[in-house]
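The structure under discussion appears below in the form of C-alpha coordinates.
The values are calculated or read from the model by the stated rules, or taken from the named source; none is laboratory data. Here the structure is a predicted model, which means the values were calculated and not measured. FYI the Cβ positions are ideal-geometry reconstructions off the backbone, even for glycines, and counts take in every protein chain you see. The protein model used for the area step is the full one, side chains on, heavy atoms only, and it has no ligands, DNA or RNA in it. Shrake-Rupley method; radii C 1.70, N 1.55, O 1.52, S 1.80 Å.
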Amino acid sequence: MPITPTSFDNIKVGYISETDGYIKDVSIADANAYAESNTDTEFIFIDGDEKVRFLTINEVNALTPKNLLRSDPCLTGDQPCGPPKLKFFGGGGVGATANPVVDSSGNLIAVDIVSGGFGYTSSPQVQVIDPCNNGSGAVLQTLIENGVVVQVIVRDSGQGYLPPPQTVPQYPAVLTLTGVTVTNPGFNHNCGVDQIEIIPSNGSVLSYNCDPFGKIRSVSVDKGGRFTELPQIRMNTVTGFNATFVPNFDIIRDPQPVEPVLTDVVQVYDLVGLNINGYVDGKPYYGNIYYVNGIRYAGTSAQTSGTNIVVYDTQLASVQKRQIEGEITASQREETETQEDTIEAISSPSRGSYSTTPTSAPSTPSTSTPSTPTTPATGGGYSTPSTPATPAPSTPSTPSGGGGGGGYGGGY
(Lines give C-alpha, C1' and ligand atoms only; values in the text may rest on other atoms or scores of the structure.)
Protein backbone atom coordinates (compact mmCIF):
# COMPACT_ATOMS: atom_id res chain seq x y z
CA MET A 1 0.00 0.00 0.00
CA PRO A 2 1.54 3.34 -1.03
CA ILE A 3 2.39 5.84 1.66
CA THR A 4 0.57 9.13 1.28
CA PRO A 5 3.14 11.95 1.15
CA THR A 6 2.83 14.72 3.68
CA SER A 7 1.75 18.18 2.57
CA PHE A 8 0.94 21.57 4.06
CA ASP A 9 -2.67 20.43 4.31
CA ASN A 10 -1.57 17.80 6.84
CA ILE A 11 -0.12 20.41 9.21
CA LYS A 12 -2.55 20.98 12.06
CA VAL A 13 -2.15 22.97 15.25
CA GLY A 14 -4.25 23.70 18.31
CA TYR A 15 -4.77 26.41 20.87
CA ILE A 16 -6.51 26.99 24.19
CA SER A 17 -9.73 28.98 24.03
CA GLU A 18 -10.97 30.67 27.22
CA THR A 19 -14.54 29.71 26.30
CA ASP A 20 -14.19 26.41 24.43
CA GLY A 21 -11.09 24.83 25.97
CA TYR A 22 -8.57 23.01 23.81
CA ILE A 23 -9.22 23.45 20.08
CA LYS A 24 -7.27 21.05 17.88
CA ASP A 25 -6.89 20.13 14.18
CA VAL A 26 -6.69 23.79 13.14
CA SER A 27 -5.25 24.47 9.68
CA ILE A 28 -2.54 27.08 9.11
CA ALA A 29 -5.05 29.35 7.37
CA ASP A 30 -7.52 29.11 10.25
CA ALA A 31 -4.71 29.71 12.75
CA ASN A 32 -3.82 32.94 10.97
CA ALA A 33 -7.45 34.04 10.97
CA TYR A 34 -7.71 33.38 14.71
CA ALA A 35 -4.41 35.16 15.40
CA GLU A 36 -5.65 38.34 13.74
CA SER A 37 -8.04 38.98 16.61
CA ASN A 38 -6.02 37.08 19.25
CA THR A 39 -2.48 38.29 18.66
CA ASP A 40 -0.90 36.72 21.76
CA THR A 41 -2.18 33.20 21.09
CA GLU A 42 0.30 30.38 21.74
CA PHE A 43 -0.35 27.57 19.29
CA ILE A 44 0.26 23.90 20.03
CA PHE A 45 1.93 21.62 17.49
CA ILE A 46 2.79 17.92 17.81
CA ASP A 47 5.72 17.07 15.56
CA GLY A 48 6.74 13.80 13.97
CA ASP A 49 8.54 12.73 17.15
CA GLU A 50 5.27 13.21 19.07
CA LYS A 51 6.78 16.10 21.01
CA VAL A 52 4.58 19.04 21.95
CA ARG A 53 5.85 22.40 20.73
CA PHE A 54 4.47 25.85 21.61
CA LEU A 55 4.59 28.27 18.68
CA THR A 56 3.80 31.85 17.78
CA ILE A 57 1.80 32.47 14.61
CA ASN A 58 5.04 33.31 12.80
CA GLU A 59 6.50 29.96 13.84
CA VAL A 60 3.30 28.25 12.70
CA ASN A 61 3.69 29.83 9.27
CA ALA A 62 7.28 28.54 9.15
CA LEU A 63 6.21 24.88 9.58
CA THR A 64 6.79 22.54 6.65
CA PRO A 65 5.75 18.94 5.92
CA LYS A 66 9.22 17.94 7.13
CA ASN A 67 8.11 18.78 10.69
CA LEU A 68 5.58 15.93 10.45
CA LEU A 69 8.34 13.35 9.95
CA ARG A 70 10.47 11.65 12.57
CA SER A 71 13.82 13.31 13.09
CA ASP A 72 15.53 9.96 13.68
CA PRO A 73 15.37 7.13 11.18
CA CYS A 74 13.49 4.00 12.09
CA LEU A 75 15.63 1.57 14.05
CA THR A 76 16.26 -1.79 12.43
CA GLY A 77 17.61 -5.00 13.86
CA ASP A 78 17.71 -6.11 17.47
CA GLN A 79 17.50 -3.30 20.02
CA PRO A 80 18.28 -3.44 23.75
CA CYS A 81 15.26 -3.80 25.97
CA GLY A 82 14.48 -1.17 28.57
CA PRO A 83 11.74 0.17 30.83
CA PRO A 84 8.20 0.72 29.59
CA LYS A 85 6.97 3.96 28.07
CA LEU A 86 3.84 5.85 29.03
CA LYS A 87 1.41 7.28 26.47
CA PHE A 88 -1.48 9.55 27.48
CA PHE A 89 -4.54 9.67 25.26
CA GLY A 90 -8.15 10.82 25.40
CA GLY A 91 -9.65 13.27 27.85
CA GLY A 92 -9.89 16.10 25.32
CA GLY A 93 -6.46 17.52 26.12
CA VAL A 94 -2.88 17.25 24.98
CA GLY A 95 0.68 17.36 26.23
CA ALA A 96 0.78 15.16 29.35
CA THR A 97 4.11 13.35 29.66
CA ALA A 98 5.64 11.28 32.45
CA ASN A 99 8.41 8.85 33.31
CA PRO A 100 7.71 5.45 34.88
CA VAL A 101 9.56 4.41 38.04
CA VAL A 102 10.43 0.71 38.02
CA ASP A 103 11.98 -1.04 41.01
CA SER A 104 14.59 -3.78 40.86
CA SER A 105 11.87 -6.45 41.11
CA GLY A 106 10.16 -5.31 37.91
CA ASN A 107 7.22 -3.49 39.53
CA LEU A 108 6.04 -0.17 38.14
CA ILE A 109 5.74 1.55 41.50
CA ALA A 110 5.27 5.23 40.63
CA VAL A 111 4.90 7.76 37.83
CA ASP A 112 6.88 11.01 37.71
CA ILE A 113 4.82 13.64 35.86
CA VAL A 114 7.09 15.80 33.70
CA SER A 115 4.27 17.83 32.14
CA GLY A 116 0.61 17.82 33.14
CA GLY A 117 -0.46 18.98 29.69
CA PHE A 118 -3.52 21.21 29.30
CA GLY A 119 -7.07 21.27 28.02
CA TYR A 120 -8.25 18.01 29.59
CA THR A 121 -11.98 17.92 30.24
CA SER A 122 -11.86 14.39 31.65
CA SER A 123 -9.14 12.14 33.01
CA PRO A 124 -7.02 10.77 30.15
CA GLN A 125 -6.01 7.14 29.97
CA VAL A 126 -2.42 5.98 30.18
CA GLN A 127 -1.07 3.16 28.07
CA VAL A 128 1.96 1.31 29.41
CA ILE A 129 4.06 0.30 26.40
CA ASP A 130 6.76 -2.30 26.92
CA PRO A 131 8.77 -2.53 23.67
CA CYS A 132 10.05 -6.02 24.44
CA ASN A 133 6.88 -7.36 26.12
CA ASN A 134 8.83 -8.35 29.22
CA GLY A 135 6.40 -6.77 31.64
CA SER A 136 2.62 -6.65 31.84
CA GLY A 137 -0.32 -5.92 34.08
CA ALA A 138 0.30 -2.34 35.19
CA VAL A 139 -2.90 -0.29 35.57
CA LEU A 140 -2.71 3.48 35.92
CA GLN A 141 -5.33 6.07 36.81
CA THR A 142 -5.00 9.82 36.21
CA LEU A 143 -6.40 12.73 38.20
CA ILE A 144 -6.86 16.19 36.69
CA GLU A 145 -7.37 19.71 38.03
CA ASN A 146 -8.19 22.71 35.83
CA GLY A 147 -7.47 20.72 32.69
CA VAL A 148 -4.05 19.53 33.87
CA VAL A 149 -2.95 16.03 34.91
CA VAL A 150 -1.80 16.40 38.52
CA GLN A 151 -1.41 12.79 39.64
CA VAL A 152 -1.08 9.29 38.24
CA ILE A 153 -2.13 6.55 40.66
CA VAL A 154 -0.62 3.11 40.15
CA ARG A 155 -3.61 0.86 40.86
CA ASP A 156 -1.66 -2.24 39.85
CA SER A 157 2.12 -2.32 39.57
CA GLY A 158 2.19 -5.25 37.17
CA GLN A 159 5.33 -7.34 36.96
CA GLY A 160 8.33 -8.14 34.81
CA TYR A 161 9.22 -4.60 33.74
CA LEU A 162 12.89 -3.74 33.33
CA PRO A 163 14.60 -0.99 35.32
CA PRO A 164 16.79 1.44 33.35
CA PRO A 165 20.22 0.18 32.30
CA GLN A 166 23.23 2.28 33.22
CA THR A 167 23.83 3.31 29.59
CA VAL A 168 20.63 5.35 29.16
CA PRO A 169 19.73 8.85 30.41
CA GLN A 170 18.37 8.74 33.94
CA TYR A 171 18.12 10.88 37.04
CA PRO A 172 18.05 10.14 40.78
CA ALA A 173 14.85 10.49 42.79
CA VAL A 174 13.48 9.85 46.26
CA LEU A 175 10.04 8.26 46.74
CA THR A 176 8.18 9.24 49.91
CA LEU A 177 4.92 7.54 50.89
CA THR A 178 2.20 10.22 50.93
CA GLY A 179 -1.01 8.24 50.43
CA VAL A 180 -2.67 4.84 50.13
CA THR A 181 -5.44 4.04 47.65
CA VAL A 182 -8.03 1.47 48.67
CA THR A 183 -8.49 -0.67 45.56
CA ASN A 184 -10.87 -3.10 47.30
CA PRO A 185 -12.58 -2.20 50.63
CA GLY A 186 -13.08 -5.86 51.55
CA PHE A 187 -15.66 -6.70 54.24
CA ASN A 188 -16.20 -7.93 57.80
CA HIS A 189 -13.12 -6.24 59.27
CA ASN A 190 -13.13 -5.65 63.02
CA CYS A 191 -12.67 -1.89 63.02
CA GLY A 192 -10.43 -0.61 65.79
CA VAL A 193 -9.06 -4.08 66.47
CA ASP A 194 -7.62 -5.14 63.12
CA GLN A 195 -4.33 -3.46 62.30
CA ILE A 196 -3.10 -2.21 58.94
CA GLU A 197 0.49 -3.17 58.13
CA ILE A 198 3.04 -2.01 55.58
CA ILE A 199 5.98 -4.34 54.92
CA PRO A 200 8.68 -3.11 54.99
CA SER A 201 7.53 -0.05 56.89
CA ASN A 202 10.68 2.08 56.42
CA GLY A 203 9.36 4.23 59.23
CA SER A 204 5.84 4.63 57.82
CA VAL A 205 2.82 4.71 60.13
CA LEU A 206 -0.70 4.09 58.77
CA SER A 207 -4.21 4.31 60.15
CA TYR A 208 -7.63 3.57 58.64
CA ASN A 209 -11.36 3.96 59.07
CA CYS A 210 -14.17 1.66 58.01
CA ASP A 211 -17.96 1.52 57.80
CA PRO A 212 -20.38 -0.52 59.96
CA PHE A 213 -20.04 -3.47 57.58
CA GLY A 214 -16.30 -3.75 58.08
CA LYS A 215 -15.38 -2.21 54.71
CA ILE A 216 -12.22 -0.09 54.66
CA ARG A 217 -13.21 3.42 53.62
CA SER A 218 -9.82 5.11 53.57
CA VAL A 219 -6.25 4.88 54.79
CA SER A 220 -4.25 7.78 56.22
CA VAL A 221 -0.48 8.12 56.18
CA ASP A 222 0.40 9.40 59.65
CA LYS A 223 4.10 9.20 58.88
CA GLY A 224 5.62 8.48 55.49
CA GLY A 225 8.88 6.67 54.88
CA ARG A 226 11.06 6.45 51.78
CA PHE A 227 10.98 3.48 49.44
CA THR A 228 12.93 2.03 46.56
CA GLU A 229 10.87 -1.17 46.29
CA LEU A 230 7.13 -1.81 46.25
CA PRO A 231 5.92 -2.41 49.84
CA GLN A 232 3.08 -4.75 50.75
CA ILE A 233 0.06 -3.18 52.52
CA ARG A 234 -2.41 -5.51 54.19
CA MET A 235 -4.89 -5.86 57.06
CA ASN A 236 -3.82 -8.02 59.99
CA THR A 237 -7.24 -9.54 60.63
CA VAL A 238 -8.99 -12.72 61.72
CA THR A 239 -12.47 -11.84 60.50
CA GLY A 240 -11.96 -9.60 57.45
CA PHE A 241 -11.51 -10.51 53.81
CA ASN A 242 -10.26 -9.15 50.47
CA ALA A 243 -9.16 -5.62 51.33
CA THR A 244 -6.41 -4.49 48.95
CA PHE A 245 -4.31 -1.33 48.81
CA VAL A 246 -1.69 0.39 46.68
CA PRO A 247 0.83 3.01 47.88
CA ASN A 248 1.03 6.52 46.46
CA PHE A 249 4.42 8.23 46.37
CA ASP A 250 5.60 11.80 46.18
CA ILE A 251 8.60 11.90 43.83
CA ILE A 252 11.46 14.32 44.51
CA ARG A 253 13.92 14.61 41.65
CA ASP A 254 17.57 15.12 42.54
CA PRO A 255 17.09 14.75 46.28
CA GLN A 256 19.64 17.26 47.56
CA PRO A 257 17.01 19.17 49.59
CA VAL A 258 16.00 16.10 51.60
CA GLU A 259 19.51 14.81 52.40
CA PRO A 260 18.87 11.15 51.57
CA VAL A 261 21.15 8.27 52.26
CA LEU A 262 22.31 6.24 49.29
CA THR A 263 19.81 3.44 49.91
CA ASP A 264 16.89 5.91 49.62
CA VAL A 265 17.59 6.80 45.99
CA VAL A 266 16.08 5.24 42.88
CA GLN A 267 17.16 5.86 39.28
CA VAL A 268 14.43 6.98 36.86
CA TYR A 269 14.72 6.40 33.13
CA ASP A 270 14.44 9.81 31.46
CA LEU A 271 12.24 8.79 28.53
CA VAL A 272 10.62 12.19 28.14
CA GLY A 273 13.72 14.35 28.35
CA LEU A 274 13.78 16.61 31.40
CA ASN A 275 15.20 20.11 31.30
CA ILE A 276 18.48 20.42 33.14
CA ASN A 277 18.12 23.23 35.67
CA GLY A 278 21.87 23.52 36.26
CA TYR A 279 24.71 21.57 37.82
CA VAL A 280 25.56 20.45 41.36
CA ASP A 281 28.94 18.87 42.14
CA GLY A 282 29.62 18.38 38.45
CA LYS A 283 26.38 16.49 37.78
CA PRO A 284 23.23 17.65 35.95
CA TYR A 285 20.50 18.85 38.32
CA TYR A 286 16.84 18.28 37.32
CA GLY A 287 15.11 19.22 40.55
CA ASN A 288 13.31 22.31 41.82
CA ILE A 289 15.16 25.59 42.29
CA TYR A 290 14.49 28.81 44.18
CA TYR A 291 16.26 32.18 44.16
CA VAL A 292 17.77 34.21 46.99
CA ASN A 293 19.39 37.50 45.96
CA GLY A 294 19.70 36.30 42.41
CA ILE A 295 21.44 33.02 43.30
CA ARG A 296 19.82 29.67 42.54
CA TYR A 297 19.53 27.01 45.23
CA ALA A 298 18.26 23.42 45.17
CA GLY A 299 14.78 23.07 46.68
CA THR A 300 11.33 24.62 46.39
CA SER A 301 11.71 27.68 48.63
CA ALA A 302 13.92 29.06 51.37
CA GLN A 303 11.07 28.61 53.87
CA THR A 304 9.94 25.05 53.10
CA SER A 305 13.04 23.27 51.85
CA GLY A 306 15.82 25.78 52.07
CA THR A 307 19.33 24.50 51.45
CA ASN A 308 22.75 25.99 50.97
CA ILE A 309 23.26 23.98 47.80
CA VAL A 310 24.01 26.36 44.93
CA VAL A 311 22.87 25.31 41.45
CA TYR A 312 25.47 26.48 38.91
CA ASP A 313 25.06 27.31 35.22
CA THR A 314 27.94 25.16 34.04
CA GLN A 315 29.47 21.86 35.00
CA LEU A 316 32.88 23.47 35.46
CA ALA A 317 31.52 26.13 37.79
CA SER A 318 29.80 23.49 39.92
CA VAL A 319 33.04 21.53 40.26
CA GLN A 320 35.06 24.58 41.18
CA LYS A 321 32.35 25.83 43.57
CA ARG A 322 32.59 29.37 42.27
CA GLN A 323 29.89 31.91 41.69
CA ILE A 324 28.49 32.31 38.24
CA GLU A 325 29.51 35.47 36.44
CA GLY A 326 26.77 38.05 36.85
CA GLU A 327 25.50 36.68 40.15
CA ILE A 328 25.90 39.23 42.95
CA THR A 329 24.15 39.34 46.25
CA ALA A 330 21.70 42.02 47.26
CA SER A 331 24.25 43.56 49.62
CA GLN A 332 26.83 43.68 46.83
CA ARG A 333 24.28 45.22 44.50
CA GLU A 334 23.27 47.79 47.14
CA GLU A 335 26.89 48.67 47.77
CA THR A 336 27.48 49.11 44.05
CA GLU A 337 24.43 51.35 43.69
CA THR A 338 25.51 53.43 46.71
CA GLN A 339 28.95 53.96 45.19
CA GLU A 340 27.38 54.95 41.88
CA ASP A 341 25.07 57.43 43.64
CA THR A 342 28.06 58.95 45.47
CA ILE A 343 30.00 59.34 42.24
CA GLU A 344 26.98 60.88 40.54
CA ALA A 345 26.47 63.33 43.42
CA ILE A 346 30.05 64.55 43.05
CA SER A 347 30.23 64.71 39.27
CA SER A 348 26.75 66.01 38.37
CA PRO A 349 26.44 69.81 37.95
CA SER A 350 22.75 69.61 38.88
CA ARG A 351 23.76 68.67 42.42
CA GLY A 352 25.88 71.78 43.05
CA SER A 353 29.18 70.15 42.26
CA TYR A 354 31.90 70.90 39.77
CA SER A 355 30.91 71.82 36.24
CA THR A 356 33.11 71.37 33.21
CA THR A 357 31.12 73.74 31.01
CA PRO A 358 30.08 77.24 32.10
CA THR A 359 26.35 77.84 31.90
CA SER A 360 26.66 81.62 31.42
CA ALA A 361 29.32 84.25 31.04
CA PRO A 362 30.77 85.55 34.29
CA SER A 363 29.46 88.95 35.38
CA THR A 364 32.95 90.43 35.51
CA PRO A 365 35.16 88.66 33.03
CA SER A 366 38.91 88.72 33.57
CA THR A 367 40.94 90.42 30.82
CA SER A 368 44.32 89.06 31.86
CA THR A 369 45.71 85.99 33.43
CA PRO A 370 45.78 86.61 37.19
CA SER A 371 48.22 84.98 39.55
CA THR A 372 45.30 84.08 41.79
CA PRO A 373 42.05 82.67 40.30
CA THR A 374 39.15 85.06 40.26
CA THR A 375 35.91 83.77 41.68
CA PRO A 376 33.05 84.62 39.31
CA ALA A 377 29.89 86.09 40.79
CA THR A 378 27.52 83.68 39.09
CA GLY A 379 27.66 81.05 36.41
CA GLY A 380 31.42 81.09 35.94
CA GLY A 381 33.72 78.31 35.04
CA TYR A 382 33.35 76.89 38.51
CA SER A 383 31.39 77.90 41.57
CA THR A 384 32.26 77.32 45.16
CA PRO A 385 30.45 74.02 45.86
CA SER A 386 28.95 72.76 49.04
CA THR A 387 31.52 70.53 50.62
CA PRO A 388 30.72 66.91 49.62
CA ALA A 389 30.82 64.26 52.33
CA THR A 390 33.18 61.97 50.46
CA PRO A 391 35.46 61.98 48.68
CA ALA A 392 36.98 65.48 49.19
CA PRO A 393 38.16 67.13 45.97
CA SER A 394 41.87 67.61 45.47
CA THR A 395 43.35 71.14 45.59
CA PRO A 396 42.60 72.71 42.17
CA SER A 397 45.38 74.05 39.98
CA THR A 398 45.47 77.69 39.04
CA PRO A 399 43.13 78.25 36.09
CA SER A 400 44.25 80.31 33.12
CA GLY A 401 41.13 82.47 33.04
CA GLY A 402 37.54 82.96 34.12
CA GLY A 403 36.14 80.40 31.72
CA GLY A 404 38.58 77.66 32.56
CA GLY A 405 36.89 74.94 34.60
CA GLY A 406 38.31 72.03 32.68
CA GLY A 407 40.95 71.30 35.26
CA TYR A 408 38.25 69.83 37.55
CA GLY A 409 36.30 67.98 34.91
CA GLY A 410 36.94 64.29 34.94
CA GLY A 411 38.73 63.81 38.20
CA TYR A 412 35.79 61.94 39.83
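If R₀ is 41 angstrom, what is the calculated FRET efficiency for the pair residue 263 and residue 213, using the beta carbon separation as r and rounding to 0.05? Mind dumping the intermediate values first?
Numbers: r = 41 Å, r/R0 = 1.01.
My answer for the efficiency is 0.50.
Give 12/87; 24/85; 51/283; 87/215; 24/283 a once-over and call out the pairs whose C-alpha atoms are over 32 Å from each other. Write out the running numbers ahead of the final one.
Working: 12/87 20 Å; 24/85 24 Å; 51/283 26 Å; 87/215 34 Å; 24/283 39 Å.
Correct reply: 87/215; 24/283.
Suppose the chain between residue 292 and residue 151 were pulled fully straight at 0.36 nm per residue; how much longer would it get relative to their current alpha carbon spacing?
Gain on stretching residue 292 to residue 151: 47.8 nm.
Answer rounded, prolate or oblate for the stretch 99-255, using the Cα gyration tensor with square roots of eigenvalues a ≥ b ≥ c: rounded when a/c is under 1.5, else prolate when a/b is larger than b/c, else oblate.
prolate
Work out the FRET efficiency for residue 64 and residue 132 from their Cβ-Cβ distance, taking R0 = 51 Å, and round it to the nearest 0.05.
Efficiency computed from Cβ-Cβ geometry: 0.90.
In terms of the Cα gyration tensor, with a ≥ b ≥ c the square roots of its eigenvalues, is the stretch 40-147 rounded because a/c is under 1.5, prolate because a/b exceeds b/c, or oblate?
Oblate, since a/c reaches 1.5 and b/c is not below a/b.
Once fully extended, how much extra length lies between residue 47 and residue 234, figured as 0.36 nm per residue of separation less the alpha-carbon to alpha-carbon distance?
Fully extending the segment from residue 47 to residue 234 adds 62.8 nm.
Which ³J(HN,Hα) values, rounded to whole Hz and listed in residue order, are derived for the stretch 85-101 from phi using the Karplus coefficients 6.51, -1.76 and 1.60 in 6.51 cos²θ - 1.76 cosθ + 1.60 with θ = phi - 60°, glycine and proline given as x?
Going residue by residue, I get 10, 10, 10, 8, 8, x, x, x, x, 7, x, 6, 9, 7, 10, x, 10 Hz, with x marking Gly and Pro.
Using DSSP to call loops (not H, G, I, E or B), can you name the chymotrypsin sites (Phe, Trp or Tyr not before Pro) in the stretch 162-236 whose Cβ has at most 16 other Cβ atoms within 10 angstrom?
Taking the stretch 162-236 and a limit of 16 other Cβ atoms within 10 Å, the loop chymotrypsin sites (Phe, Trp or Tyr not before Pro) found are 213.
Measuring from label point to label point, each 7 Å out along Cα→Cβ, what is the residue 184 to residue 27 span in nm?
The modelled label-to-label distance comes out at 5.4 nm.
May I ask for the net charge around residue 175, where only other residues with Cβ less than 14 Å from the Cβ of residue 175 are counted and Lys, Arg are +1 while Asp, Glu are -1?
Neighbourhood net charge equals -4.
Does the stretch 212-258 come out rounded, prolate or oblate, given a ≥ b ≥ c as the square roots of the eigenvalues of its C-alpha gyration tensor, rounded meaning a/c under 1.5 and, failing that, prolate meaning a/b above b/c? Kindly include the intermediate steps, with their values, before the conclusion.
Values: a/c = 3.51, a/b = 2.62, b/c = 1.34.
It comes out prolate by the Cα gyration axes.
Apply the Karplus curve 6.51 cos²θ - 1.76 cosθ + 1.60, θ = phi - 60°, to the phi angles in the stretch 35-52 and return the couplings in whole Hz, x for Gly and Pro.
Listing the rounded values in order: 5, 4, 9, 9, 5, 9, 5, 9, 8, 10, 10, 9, 7, x, 8, 6, 9, 7 Hz.
Given a 1.4 Å probe and heavy atoms of the protein chains only, how would you sort 220, 104, largest accessible area at the top?
Ranked from most to least accessible, the order is 104, 220.
Roughly how many whole Å is it from the C-alpha centroid of the stretch 170-195 to that of the stretch 76-144?
Here the two parts' Cα centres lie 22 Å apart.
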